[in-house]
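Notes follow once the structure below has been shown.
The values are calculated or read from the model by the stated rules, or taken from the named source; none is laboratory data. Please read all numbers here as calculations on a predicted model, not as lab measurements. Every residue, glycine as well, gets a Cβ built from its backbone with ideal geometry; the counts of neighbours run over all protein chains shown. Surface areas here come from the heavy atoms of the whole protein model, side chains and all, with no ligands, DNA or RNA. Shrake-Rupley method; radii C 1.70, N 1.55, O 1.52, S 1.80 Å.
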Amino acid sequence: MKQYQPNKILGFLLVVLSLFSCSSNLDFDQVNDFIADPVFIANLSSFDVPANQFMENGMEKNVTFDAQEFDVFQDSFFRKNLRQADFFFEINNTIKRPFTVDIVFLDGNNQTLHNINFDVPAFSGTENLVFQTEIFENTKLDLLKRARRMTFGIRIGPGPAINTSSSGSLKLRSSATAYLLIK
């Protein structure tokens, strides 16, 4: 009679045991509960207006200009899933005059939807940064979603006269943070 080696018996038992396993029913409906909340940050607009551009024909003038259009709100996916938008503005004034910056959001018919206004103090020899954050949610967000353009207006405040040789500039940098909720 032939004797079985212990390694062969152990190997056979391991093969037999591996055929038995535990499993549970898989729930593929869990995909319906999936929620993603990505955050996107993008540059919005910027400008650098030298002091001498506030002069025209020897007279001081306010400056108004348009930024590019908001075509991102034309996308139905983005419009449907946008839950909040934060706009961040930074202004550096190196001109010895105060300014008021007006940012106006317009719809497709050039009707005003929303205004952002902030004062920028005159340059006094030290860094002169002004920060403004505008948060759009709920009703304000609905207005933003209808916006098609954004205009900037810069009004000069009282102070020393500006001429063609005046130094300094008014610089704006801005960015937008978009919070989405995808279900």
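Worth a mention:
- Of the residues in the stretch 18-37, not one is closer than 20 Å to Arg149 by Cα, at pLDDT 70 or above and either open to solvent by 100 Å² or more (accessible area, probe 1.4 Å) or assigned to a helix (DSSP H, G or I) (or both).
- Of all residues in the stretch 86-100, those that are open to solvent by 30 Å² or more (accessible area, probe 1.4 Å) have Cβ atoms under 6 Å from Cβ atoms of residues that are among the hydroxyl-bearing types (Ser, Thr, Tyr), 6 or more apart or on another chain, in Phe88/Thr133; Phe88/Ser175; Thr94/Ser169.
- Among residues of the stretch 57-77 that are farther than 11 Å from Arg148 by Cα, those with a Cβ under 6 angstrom from a residue that is part of a helix (DSSP H, G or I), sequence gap 6+ or separate chain, pair up as Glu60/Phe54.
- Residues within the stretch 66-85 that are open to solvent by less than 10 Å² (accessible area, probe 1.4 Å) and among the small types (Gly, Ala, Ser), tallied: 1
- The residue that is least open to solvent (accessible area, probe 1.4 Å), among those in the stretch 46-62 that are part of a strand (DSSP E or B) and of a type outside the set (A, V, I, L, M), is Phe47.
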